[in-house]
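These notes concern the structure reproduced below.
Any read-out appearing in this document is the output of simple, stated calculations on the displayed coordinates, not a laboratory observation. As the structure is a prediction and not an experimental result, all values here were calculated from the model. Cβ coordinates were reconstructed from backbone atoms using ideal geometry, including for glycine residues, and neighbour counts include every protein chain displayed.
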Amino acid sequence: MTRHRVCGVSEVASNAMKPFAMGRGTVLLTRLPSGEIKAVGSRCPHQGANLEHGCVTGHAYSDQPNVLLMDRPGQILRCPWHGFEFDLSSGESVADHGKLRLRRFNVEIEGDDVFIVM
Amino acid sequence: MLLIDADVHESFAGIRDLVPYLKEPYREWIERGAWRGFSQPFAYTSPGAGNRADVRNADGSASVSDYGVMRRQLLDTYNQTYAVLTGYFYPTMLKLQYGLSSALAAAYNDYVAEHWLAKDKRFIGSIQINARDPEAAAREIDRMAAHPQIKQVMLPVVDDIAYGHPMYRPIFEAAERHKLVIALHHTILAEGPFGMGLHYIERHTLLPTSMMAEVISLILNGVFDGYPSLRFIILEGGFSWLPHLMWRMDREYRQGRVEVPWVKKLPSQHMRERLRFSTQPAEDLTGDQWLKLIDLMGSDEFLVFSTDYPHFDFDDPRVSIPRSLPDDLQEKIFWKNGAALYGLEAPVQ
C-alpha cells in the first residue's frame, strides 16, 4: 500500500472537480457538502471524457411526471460529454446502478495534507 | 400444441348493426344515415381489398363478420386454444362529437359480447373506448370489465395521440383497477413521421414507427412507473425494431434521466418486464434470424403469436414461425407468453 500526497486540504473545492497530479496520472478531488473529500479518476468510464470539465450538481428525482425535484446538492457528477450521472459517494451511475462506475480512490487527511492511498 | 392468437379482427357487417345497441340520440342519427362509418383514406391493393380474398361466405360474398366462417377458417383449422378479438372499429378515430364516439364504443362492445364472445368460449375480448374522452373511456372500461372473457383494453394508434400525455391517465387507472392488458393497434389513420407517404406500401411499412413513438411516449411520460401492475402489448406493429429501441432509449436515459426522473428503471428493463409484442407480420425471418433477434432482445418472453385474421397479411401459424426453433421457444411464442400476459390456463378437456 502506498500513499501519495496530492494537495493541501484548502485546495479542494466544493461543486468542482479539481485535478491534481498523482504520479504520471491525474486524480480529481472534490469536497462534498458534508465536508468529506472524495477522489475519483479523471476519465469517464463511458467514453473517457475528462471529468475535470464535468458538472457537480444535485440529484434529480420525482414520483410525479412533469414535477422536477432536486436533493443531495453537490453530490452528483455529470460527465461533460454525454451528461451521464455519477454518485460521488458511491461512484455508481445513477441511471444504471452498478453497470458503470467511477474509479475511486481512498482519501486520508493528515493535518493540512490530502493523501491518496493505493 | 396449445395456441393463443393475439390479434383476430372480428367485425360487423355494417354500421347499422350497432343501432340496437346505441343510446339516443345516436341511435336515431345512425338509423337515418347521419354517419356511415369510417372509410380509409387510401385504397387497399391486396386481392381481397384489405382482407384475405378467401374469407367468403358459401355464396362467394366477402365476409369478415361471420362467426361461422371464422370458426372454420381460423379457430378449427389451426385448433386455436384462444383467439383474442381486437376489432378494427375504433371510435377514437372520430375527432369530434365525443358523445357519439363514446356511444359507438359502448354499442360495439355490447354487439361483440352478443354476436362474438357469447358464441365461442375460445374468444378473449377487448374493450373498445373513445380515448379522446378519457373519463368516459374509464367508465366504459368499468362497465365492461366484469365480462368473464374480457381481458384487455384497446388503445388505437391514430395520428394525433401519444398516450403518455397525462390526460389519458384515467384509462390506465381503469385498466389497472380491473387487471386488464393495454393493447396498442394501428388504425387507418396511423402515420409515420412524415405522414403516410404517397403509396399504401409506404403507409404500411411506416406503421412500426407509430408504435415506437407510442412506446417512447408511454415510458418517458411515466405510465409504466405510474401503473406498476399494468402490462402492454403492441399488436401488428412489428418487433424486430425492439433491440434498437431498447439500446437507444437506455442510452438516452443514461444521459438525460435528469429531465424525467419519474422514470425509475432503464427503459429496456421496463420493456422486458411489462411490454409484449404480437408476432404478425413476422417479416419472413429465418430460424437463425429469429434466434439472433431474441438474443438481442435479451428475453424470450416478448413475443406472442398472432395471425391478424382475416386481414390480407395473415400469418399462418404452421409456416410463419420456423419449425426449426427449439420446442420450448415455440411453446413460449404460441402459448406460454400469451397465457402469462392474459392470465389464461389451458382449458379442461
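Checked against the criterion of being within 20 Å of the chain's Cα centre (by Cα) and of a type outside the set (A, V, I, L, M, F, W, C), the candidates B:GLY256, B:GLY222, B:GLY226, B:GLY237 yield just one match: B:GLY237.
Take the conditions in contact with a helix residue (DSSP H, G or I) (Cβ under 9 Å, 6 or more places away or on another chain) and surrounded by fewer than 24 Cβ atoms within 10 Å (Cβ to Cβ) and apply them to B:ASP160. Does it pass? Before you say what the answer is, go through the steps one by one.
Numbers: in contact with a helix residue (DSSP H, G or I) (Cβ under 9 Å, 6 or more places away or on another chain): no; surrounded by fewer than 24 Cβ atoms within 10 Å (Cβ to Cβ): yes.
Spelling it out, it is not the case that B:ASP160 is in contact with a helix residue (DSSP H, G or I) (Cβ under 9 Å, 6 or more places away or on another chain) and surrounded by fewer than 24 Cβ atoms within 10 Å (Cβ to Cβ).
Grab the helices (runs of 4 or more DSSP H) fully contained in region B:215-277, keeping just those with 2 or more residues being more than 14 Å from chain A (Cβ to nearest Cβ) and surrounded by fewer than 22 Cβ atoms within 10 Å (Cβ to Cβ). Even if it seems obvious, please write down each step before you answer.
On the way: elements: B:223-226, B:242-256, B:267-274.
Ranges flagged: B:242-256, B:267-274.
Does B:LEU329 count as away from chain A (no Cβ under 14 Å), under 30 Å from A:LEU69 (Cβ atoms), without any contact (Cβ under 8 Å) to a residue 40 or more places away in the chain and more than 15 Å from the chain's Cα centre (by Cα)?
no
Hey, any hits in region A:69-86 for a residue that's of a type outside the set (Phe, Trp, Tyr) and exposed (fewer than 14 other Cβ atoms within 10 Å of the Cβ)? Yes, that holds for at least one residue. With region B:121-211 as the region, which strands (runs of 3 or more DSSP E) entirely inside it contain at least 1 residues that are out of contact with any Cys (no Cβ under 8 Å at 6 or more places or on another chain) and within 14 Å of chain A (Cβ to nearest Cβ)? Where strands (runs of 3 or more DSSP E) fall fully within region B:121-211, none carries at least 1 residues being out of contact with any Cys (no Cβ under 8 Å at 6 or more places or on another chain) and within 14 Å of chain A (Cβ to nearest Cβ).
Kindly evaluate A:PHE86 against the criterion of being under 11 Å from the mean Cα position of the chain (by Cα) and of a type in the set (A, V, I, L, M, F, W, C).
On the way: under 11 Å from the mean Cα position of the chain (by Cα): yes; of a type in the set (A, V, I, L, M, F, W, C): yes.
So A:PHE86 fits the description; yes.
Can you tell me which residue among B:SER306, B:SER299, B:SER324 is under 20 Å from B:LEU85 (Cα atoms) and small (Gly, Ala, Ser)? Of B:SER306, B:SER299, B:SER324, the one residue that is under 20 Å from B:LEU85 (Cα atoms) and small (Gly, Ala, Ser) is B:SER306.
Out of B:PHE314, B:PHE277, B:PHE305, one residue alone is touching an Asp or Glu at 6+ places or on another chain (Cβ under 6 Å) and within 18 Å of B:ILE234 (Cα to Cα). It is B:PHE314.
For residues that are free of Cβ contacts under 8 Å to residues at least 60 places away in the same chain and more than 18 Å from A:ARG43 (Cα to Cα), tally how many sit in region A:64-94. It would help to see each step written out before you state the result.
Of all residues in region A:64-94, those free of Cβ contacts under 8 Å to residues at least 60 places away in the same chain come to A:64-73, A:75-76, A:78-94.
Narrowing further to those that are more than 18 Å from A:ARG43 (Cα to Cα): A:64-73.
Of the residues in that region, 10 qualify.
All of (1) in contact with a helix residue (DSSP H, G or I) (Cβ under 9 Å, 6 or more places away or on another chain); (2) of a type in the set (D, E, K, R); (3) in a strand (DSSP E or B) hold for A:ARG5 with one exception: (1).
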